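Enquirer: There's a structure below that I have some questions on.
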């Protein structure tokens, strides 16, 4: 069969708040081939992705992504990697490409799973899937009191692990950060797994990050995530050397397999957290999971959007029994929650299971797409080169 | 003064050919503040950059680039870095950001140079500029005969160095590549500096690249450029170990300072070739040049577009006396040639001089902009969020 269509749907809440909540909009990808439909999601800024899908060619290594996808043969699993290579070669100089490819790659795995009637993780080479322990992923409160209340609520809801990130953390004094961390620990109780996400707040400034080492050790954080941007390997490595029981985590900013590999080789991280919706889809994320195994690094999904994206993000490490922690966004906006008919809910043990249905096992809800669909039109060189597709 | 406007102009030849010639279109940036106008160029796919400039916010770390630029204070040199940090922080999750920022950063240096009546390289900290030896940068011919004729023509035109790249190289057999390399050496003569650009053709496949080692050594190439994509540090390092007199060169794919740093730290390159129009402008390129000095790596500009971009690309290493080789595109399309009133032509010694005029010292030609201007309109959420600005 050949890929007949690739459509991007830009969805958005009516109002976007200036907070670190990635569930306020979405870029949904629909792929059609041989009577099957595959769905994916780019965890990316929608409009630049749409533009890169359809942009006029600049030169031989800067083509619109769509030209390397439409009309391609998709008969076997190997075709997915071949199409990915073609996209990266033909759109080498289009920086947005990896984010665009991500949703398309996910949709190809979903489609092939439906054709072969197997879950995506089986197509990726795993014999079976193991349950994951979700951590509730929330933003720090504006005050320590608010953070403590959030943590208590998470504990009461039955979660054994929680991650606090962004918000005021890292922007104020060392003492303010210490109070936030202490509040999180207090609310979560002594037994809870506490994870901390600095959201690249120190860019590559080792000195500012290292001032927080004592507070992080004191609250017994399991990991400190993204003290720096993904490229700051030297700063990561130095900070890793200063920590005692806390490990570093990072990788969501990686948009290629190689970037994630470098974090494992040179940054001293203990947890690699790539986003399948950014790094090039399930294909690249599985490569990362495989390499992490050889380096003794724990793979954790990065997910802050819909349950379609959540299912996609679990597939690449579904079969790794020892890597049990998974990110589970707890404060989804209605758009992200309503996007799928199915939801991945914790079982009575508080664990999450990747769907055993074909592909991703998630069905987008047409009513939700209509409700949040953003009308976009791009004209260039005298033609309409993109307008919001029909559902 | 405050930044009053930031305008992107998408220029294109009427027809874009499917060849590795980056001069077929251009993304020109105009910045206005305090009665001064600065110009820059993004070496990037125009439409995704325009989209990223104006895209609706997705969340706090995924904002349109324009919001971090418009209205900002630009009173002193330090403001340029401050605005750059702001852009990268506010648009962290927008992958295209670094390419977008590049042209804006260049325009800020140009504008500040005009205000302070100094060439950009002086503002970057160099006391004086040294002449550079341009190499003629051309594509391999379709046949060895054609390549030999190109090389002879370059030698007859007075160039002491030539780089051949892309075209059929690396796509056929080892023997075909050897014949191309031999033809280039023959046309250039025994004394000419021969540079070879593989254009990432082997992605990260060490085996295929290593088969060309003997032919590269036999033709006495000074460097082999981009055998792999910028992220393939391990493959680079291994290939570097197999070469005897040939050195590796790379870096044009780097869109952050950190990526270039990693190539110097981990990939064993002898020449680092970043593009100021991709890596974040003069600011990031100067950081790369500084670091290269400490690592014994030679800095070489990457430039395949207009002389505005050429001037920008020379500024970051203008004051490094020992780094004399510079890329000089020889087959510019009319758009790229006609874009500026001034041109950087070789002197009687065959050397290139960075302009001593304020800023970049290059004046865009309004007639050229009008002639090649692409009409673009983007509508989203019921509004026109971009339309081609007035010149």
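Enquirer: Search the stretch A:320-344 for residues that are under 8 Å from residue A:306 (Cα atoms) and pair each with any residue that is modelled with pLDDT under 95 when their beta-carbon atoms are under 8 Å apart and the residues are at least 6 apart or on different chains.
Expert: A:332/A:305; A:336/A:305; A:336/A:329
Enquirer: Which numbered condition trips up residue B:231, out of (1) within 21 Å of residue A:96 (Cβ to Cβ); (2) touching a residue at least 40 places away in the same chain (Cβ under 8 Å)?
Expert: (2)
Enquirer: Being closer than 25 Å to residue B:18 by Cα, modelled with pLDDT of 90 or more and crowded, with 22+ Cβ neighbours inside 10 Å is the filter here, so list the residues in the stretch B:151-166 that pass it.
Expert: B:151, B:154, B:162, B:163, B:164
Enquirer: Still on this structure: Looking at the stretch A:11-25, which of its residues are surrounded by 18 or more Cβ atoms within 10 Å (Cβ to Cβ) and either more than 9 Å from chain B (Cβ to nearest Cβ) or part of a loop (DSSP other than H, G, I, E, B) (or both)?
Expert: A:11, A:16, A:20, A:21, A:22, A:23, A:24
Enquirer: Filter the stretch A:262-273 for residues that are touching a residue at least 40 places away in the same chain (Cβ under 8 Å) and buried (at least 24 other Cβ atoms within 10 Å of the Cβ) and give the result.
Expert: Passing the criteria: only A:273.
Enquirer: State all residues of the stretch A:231-261 that are in a loop (DSSP other than H, G, I, E, B), facing chain B (nearest Cβ under 8 Å) and buried (at least 23 other Cβ atoms within 10 Å of the Cβ); if no residue qualifies, say none.
Expert: A:231, A:232, A:253, A:255
Enquirer: Give the residue that is farthest from the other protein chains (Cβ to nearest Cβ), with candidates limited to residues of the stretch A:82-96 that are more than 12 Å from residue A:284 (Cβ to Cβ) and in a helix (DSSP H, G or I).
Expert: Ranking the candidates gives A:83 first.
Enquirer: How many residues does the stretch A:68-81 hold that are surrounded by fewer than 21 Cβ atoms within 10 Å (Cβ to Cβ), in a loop (DSSP other than H, G, I, E, B), in contact (Cβ under 8 Å) with a residue 40 or more places away in the chain and over 24 Å from the mean Cα position of the chain (by Cα)?
Expert: 4
Enquirer: Continuing with the same structure: For residue B:133, which of the numbered conditions (1) outside any loop (DSSP other than H, G, I, E, B); (2) more than 14 Å from chain A (Cβ to nearest Cβ); (3) touching a helix residue (DSSP H, G or I) at 6+ places or on another chain (Cβ under 9 Å) fails to hold?
Expert: The number of the failed condition is (3).
Enquirer: So which residues in the stretch A:373-384 are under 25 Å from residue A:13 (Cα atoms) and assigned to a strand (DSSP E or B)?
Expert: If the condition is that a residue be under 25 Å from residue A:13 (Cα atoms) and assigned to a strand (DSSP E or B), then A:373, A:376, A:377, A:378, A:379 are the ones that fit.
Enquirer: Could you go through the stretch B:308-325 and let me know if any residue there is more than 28 Å from residue B:88 (Cα to Cα), out of contact with any helix residue (DSSP H, G or I) (no Cβ under 7 Å at 6 or more places or on another chain) and surrounded by 20 or more Cβ atoms within 10 Å (Cβ to Cβ).
Expert: Yes: the stretch B:308-325 contains one or more residues that are more than 28 Å from residue B:88 (Cα to Cα), out of contact with any helix residue (DSSP H, G or I) (no Cβ under 7 Å at 6 or more places or on another chain) and surrounded by 20 or more Cβ atoms within 10 Å (Cβ to Cβ).
Enquirer: Continuing with the same structure: Filter the stretch B:197-224 down to residues that are more than 14 Å from chain A (Cβ to nearest Cβ) and either in a strand (DSSP E or B) or at pLDDT below 95 (or both) and give me whichever is surrounded by the fewest Cβ atoms within 10 Å (Cβ to Cβ).
Expert: Result: B:222.
Enquirer: Taking the options B:143, B:133, name whichever one is surrounded by fewer than 23 Cβ atoms within 10 Å (Cβ to Cβ) and under 22 Å from the mean Cα position of the chain (by Cα).
Expert: Of B:143, B:133, the one residue that is surrounded by fewer than 23 Cβ atoms within 10 Å (Cβ to Cβ) and under 22 Å from the mean Cα position of the chain (by Cα) is B:133.
Enquirer: Considering every residue within the stretch A:31-43, establish whether at least one is touching a helix residue (DSSP H, G or I) at 6+ places or on another chain (Cβ under 6 Å), part of a helix (DSSP H, G or I) and modelled with pLDDT of 95 or more.
Expert: no
Enquirer: Which one of these does residue A:384 not meet: (1) closer than 24 Å to residue B:385 by Cβ; (2) crowded, with 22+ Cβ neighbours inside 10 Å?
Expert: Going through the list (1) closer than 24 Å to residue B:385 by Cβ; (2) crowded, with 22+ Cβ neighbours inside 10 Å, residue A:384 breaks only (2).
Enquirer: Moving on to the next point. How many of the residues in the stretch B:178-189 are surrounded by fewer than 23 Cβ atoms within 10 Å (Cβ to Cβ) and either in contact with a helix residue (DSSP H, G or I) (Cβ under 6 Å, 6 or more places away or on another chain) or modelled with pLDDT under 95 (or both)?
Expert: Selection size over the stretch B:178-189: 4.
Enquirer: Still on this model: Return the only residue of A:57, A:1 being without any contact (Cβ under 8 Å) to a residue 60 or more places away in the chain and farther than 25 Å from residue A:274 by Cβ.
Expert: Every option except A:57 fails the conditions.
Enquirer: Can you spot a residue in the stretch A:117-127 that is away from chain B (no Cβ under 14 Å), surrounded by fewer than 24 Cβ atoms within 10 Å (Cβ to Cβ), outside any loop (DSSP other than H, G, I, E, B) and touching a helix residue (DSSP H, G or I) at 6+ places or on another chain (Cβ under 7 Å)?
Expert: Yes, the stretch A:117-127 contains a residue that is away from chain B (no Cβ under 14 Å), surrounded by fewer than 24 Cβ atoms within 10 Å (Cβ to Cβ), outside any loop (DSSP other than H, G, I, E, B) and touching a helix residue (DSSP H, G or I) at 6+ places or on another chain (Cβ under 7 Å).
Enquirer: What about residue B:72, is it more than 8 Å from every other protein chain (Cβ to nearest Cβ) and under 23 Å from residue B:311 (Cα atoms)?
Expert: Judged against the criteria, residue B:72 is not a match.
Enquirer: Restricting the first residue to the stretch B:368-379 and requiring it to be more than 7 Å from chain A (Cβ to nearest Cβ), which pairs with a second residue that is part of a strand (DSSP E or B) meet a Cβ separation below 7 Å and a spacing of at least six or different chains?
Expert: These pairs meet every condition: B:369/B:9; B:369/B:11; B:369/B:28; B:372/B:11; B:372/B:12; B:373/B:9; B:373/B:11.
Enquirer: From the list A:54, A:106, A:65, which residue is within 14 Å of chain B (Cβ to nearest Cβ) and surrounded by 24 or more Cβ atoms within 10 Å (Cβ to Cβ)?
Expert: A:65
Enquirer: Taking the residues in the stretch A:274-305 that are more than 14 Å from chain B (Cβ to nearest Cβ) and in a loop (DSSP other than H, G, I, E, B) as candidates, determine which candidate is surrounded by the most Cβ atoms within 10 Å (Cβ to Cβ).
Expert: A:276
The values are calculated or read from the model by the stated rules, or taken from the named source; none is laboratory data. Since the structure is predicted, the reported quantities are computational estimates derived from the model, not experimental observations. When we count neighbours, we look across all protein chains shown, and the Cβ atoms used for this are built from the backbone with ideal geometry, even at glycine.
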